[in-house]
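Rule-based calculations on the coordinates, nothing more; no lab input. Note that the structure is a prediction, hence the values are computed from the model and not measured. Because the Cβ atoms are built from the backbone with ideal geometry, glycine has one as well, and the counts that use them run over all protein chains shown.
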Amino acid sequence: MAENYSGEKSGYNEADRKMERLHKSQQVINTCRLNLLYFDKDSGLYHYEMIASELLSLLYEIRGKMSKDEREKFNDYRLELTLFFDTKEIFNQFSLESFSSSKMAKRLNVANWIELRKLLFEIEDFTRDTLDLRGFSAFNIDDDEGDTY
């Protein structure tokens, strides 16, 4: 069989692995969406951080199938999300003082939280729409053109 191989196309099809990665990312997003402010001790991340990471992972997986406009929108979202995490905090830390001790506490920064939640929902809508448009969701039996499985 190897002697018939021309080298023009890969003999390995990664489609099943890609679909597995897409499915796992979507599972994490769906699970974490229930309580975005929950801190996951195993990963050391808040659910909103995990969702942000998984949304970007999904978009990177399908980037090669995106139109030029979709890639530009993805780049804009990626930059906006990166800048948000680099410059803004969801929780502000402060010191609670008492007569005998002090301890650190945290308070939700509501304005930043509303901004991030809105951004995450926008990115998720864009991601799901792009997945559907590019055929990475369920097969359309009536019209399978563009389905990528």
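Points worth noting:
- Here, the range 16-133 is characterised by an Rg to Rh ratio of 1.08, where Rg is the alpha-carbon radius of gyration and Rh the Kirkwood radius.
- Taking other C-beta atoms within 10 angstrom as a stand-in for reagent exposure, Lys18, Lys106 fall in the order Lys106, Lys18, fewest first.
- Site pair Asp86 and Glu61 shows an inter-label distance of 2.7 nm when each label is modelled 7 Å from Cα along Cα→Cβ.
- Residues whose amide H comes within less than 5 Å of that of Phe91, counting only those at least five positions distant or on another chain, are Asn109 (H built at 1.01 Å from N in the peptide plane).
- Full extension of the chain between Ser53 and Thr31 yields a length gain of 6.5 nm, computed as 0.36 nm times the residue separation minus the alpha carbon distance.
- Partners of Lys18 within straight-line reach, counting lysines whose Cα lies under 27 Å from its Cα and excluding those fewer than 8 residues away in the same chain: Lys9, Lys65, Lys68, Lys73.
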